[in-house]
Amino acid sequence: MDNLIERFLQYISIDSQSNPANSQCPSTEGQLTLARYLEQELKDLGLVGVDLDSNGYLMARLPANVDYPVPAIGFIAHMDTAPDASGKDVHPQLVENYQGGDIALGIGDEVLSPIQYPELNGLHGHNIITTDGTTLLGADNKAGIAEILTAIEYLIAHPEIKHGDICIGFTPDEEIGRGADRFDVQKFGAQWAYTVDGGPIGELEYENFNAAAATVICHGVSVHPGTAKNKLVNAMNIAARFQMMMPADETPETTEGYEGFYHLSTMTSSVARTELHYILRDFDQEGLACRKAFMEQQVAALNSELKKGRVELILRDNYSNMREMVEPHPHIIELAKQAMVECDVKPLIKPIRGGTDGARLSFMGLPCPNLFTGGHNFHGIHEFITLEGMEKAVEVIVKLAENTASAYRR
Ligand SMILES: [Zn+2]
């Protein structure tokens, strides 16, 4: 497992933050630097079909070592880190045998505290890798890459473990929502796959939000304020009225678990025109349809009340709950659960209150639940991961490969 840590530290030393402002793929040069490094590593491991395409998607395959047909399965991780915090000059610190209490991050006054993150209380005795308080760590998702490759290396070193074809895919620009855009499912060649991009030990996710976006455009009339009487219509007032018509108890800050919401995420405003940008989320496809219908009703209601000015609504679907694509193939989840149980990991099945590349891939014909990496607090300076969690992830990947082959043994 030494290679696991070594790999992880090597990958996080490469700044591969993605950039939403750049429409090219990949959106940053750093991702290509990491991709080229990984390409060499895949070749050195002796994998076949190692291919880094011009968009920065890296694929490879570990050929089956059985003489009967086993479905090819895949493991996927993303190479970029989130734009929310810097991923440059990451200085990780290793806290061995954590005994509780605050962990000082670097030499500033940043700490990782069990008061803020009570899950630390369950990690006494673990070895924890943290940041120095100035960057994110990059466990999301470089831990996933390190875990997949360490599992592959283990399978190669242990030919007595029988497995089918194992496909590996490392993608760019996941954090800016484009990771599945140019993923060639056909070329990848797996019948189903797992993203190794989850959080704490045991996480297994195959349900995510259905997502839509709504833009409410409020049209006013701009007139010089000195001569505005009975002429000026302030679009910002209309926008404020509209927002007050939305349910206050169906927002991200008032919901959890399987509850959906409306979220006013941004607005651009002027007297003549104010745009309200909402995101709509619901685990249920019908629930999302109801939310869209509700917004249409509110817009119609406000338009009929307004004496001056007008409101317009634009609705757009974004992504869908992968559950409907995964559930027809229950063995995909059963194999993952079974592998965890056999590795002494309690499967922690919970809905993702967001979207994943796996969800997009599921609708592109590659059912793709998400497995844990062992990481916590992704996207910020409080990100950390435990060595124990990473090792368990490797074990589970190996076990999954093994169990898939034995499930299809004649
Ligand atoms: Zn991720």
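Run the dipole for the stretch 288-379 about the Cα centre, Lys and Arg Cβ at +1, Asp and Glu Cβ at -1, nothing else charged, and hand back the magnitude in debye, nearest 20.
520 debye
Cut-off is 10 Å between beta-carbons; in what order do 94, 361, 38 appear when sorted fewest neighbours first?
Starting with the residue having the fewest Cβ neighbours, the order is 94, 38, 361.
Rg/Rh for the stretch 188-270: what does it come to with C-alpha atoms and Rh from Kirkwood?
1.24
To the nearest 0.05, how large is the calculated FRET efficiency for residue 303 and residue 84 if R₀ is 30 Å and r is the Cβ-Cβ distance?
So, using R0 = 30 Å, E works out to roughly 0.20.
What's the exposure ranking of 119, 253, 383, going from fewest to most Cβ atoms within 10 Å?
253, 119, 383
Apply the Karplus parameterisation 6.51 cos²θ - 1.76 cosθ + 1.60, with θ equal to phi minus 60°, to every residue of the stretch 233-242 and state each ³J(HN,Hα) to the nearest whole Hz, in sequence, with x for glycine and proline.
10, 8, 4, 5, 5, 4, 4, 4, 4, 4
Quick one: if you stick a label point 7 Å off each Cα along the C-beta vector at residue 329 and residue 121, how many nm between them?
Computed distance between label sites residue 329 and residue 121 equals 4.1 nm.
Would you mind ranking 346, 392 by Cβ crowding within 10 Å, fewest neighbours first?
Listing 346, 392 from fewest to most nearby Cβ atoms yields 346, 392.
Counting Lys +1, Arg +1, Asp -1, Glu -1, what net charge surrounds residue 279 among other residues with beta carbon under 13 Å of its beta carbon?
Cβ neighbours under 13 Å give a net charge of +2.
Note the direction-averaged projected area, equal to a quarter of the hull surface, for the Cα convex hull of the chain, in nm².
Taking a quarter of the hull surface, the average projection is 23.0 nm².
In debye to the nearest 20, how big a dipole does the chain give about its Cα centre with +1 on each Lys and Arg Cβ and -1 on each Asp and Glu Cβ?
Using only the charged Cβ atoms, the result is roughly 1840 debye.
The stretch 149-225 to the stretch 374-396: how many Å between their Cα centroids?
The stretch 149-225 and the stretch 374-396 have Cα centres separated by 17 Å.
Can you give the relative contact order of the stretch 210-319 as a percent, counting alpha carbon pairs under 8 Å and 6+ residues apart?
42 percent
Send over the Kirkwood Rh of the stretch 104-162, from the inverse of the averaged 1/r over different Cα pairs, rounded to one decimal Å.
14.3 Å
Quick one: Debye curve from the C-alpha atoms of the stretch 194-235, no solvent, what's log10 I(q)/I(0) at q = 0.19, 0.26, 0.29, 0.30 Å⁻¹?
After summing over all Cα pairs, the log10 values are -0.75, -0.92, -1.03, -1.06.
Under a GNM of the chain (C-alpha, springs under 10 Å), which listed residue has the highest mean-square fluctuation: 209, 363, 75?
363
Hey, how much of the P(r) for the stretch 17-100 falls beyond 19 Å, as a percent of Cα pairs?
Every Cα pair in the stretch 17-100 considered, those over 19 Å come to 56 percent.
What distance in nm lies between label points placed 7 Å from Cα along the C-beta direction at residue 102 and residue 344?
Going from the residue 102 label point to the residue 344 one covers 3.4 nm.
Would you report the distance distribution of C-alpha pairs in the stretch 59-194 as whole percents per 5 angstrom bin, up to the bin with the largest distance?
2, 9, 14, 15, 14, 12, 12, 10, 7, 3, 1, 0
Past the 28 angstrom mark, what percentage of all C-alpha to C-alpha distances in the stretch 279-410 do you count?
40 percent
State the Kirkwood hydrodynamic radius of the stretch 210-319 in Å, one decimal place, computed from all pairs of distinct Cα atoms.
Averaging 1/r across every pair of different Cα atoms and inverting gives 14.6 Å.
If you take all C-alpha pairs in the stretch 338-410, what percent of them are over 17 Å apart?
Taking all Cα-Cα pairs of the stretch 338-410, the fraction more than 17 Å apart is 58 percent.
Every read-out reported here was derived from the displayed coordinates using simple, explicitly stated rules and does not represent laboratory data. Remember, predicted model here, so these are calculated numbers, not experimental data. Cβ: placed from backbone, ideal geometry, glycine included. Neighbour counts: every protein chain shown.
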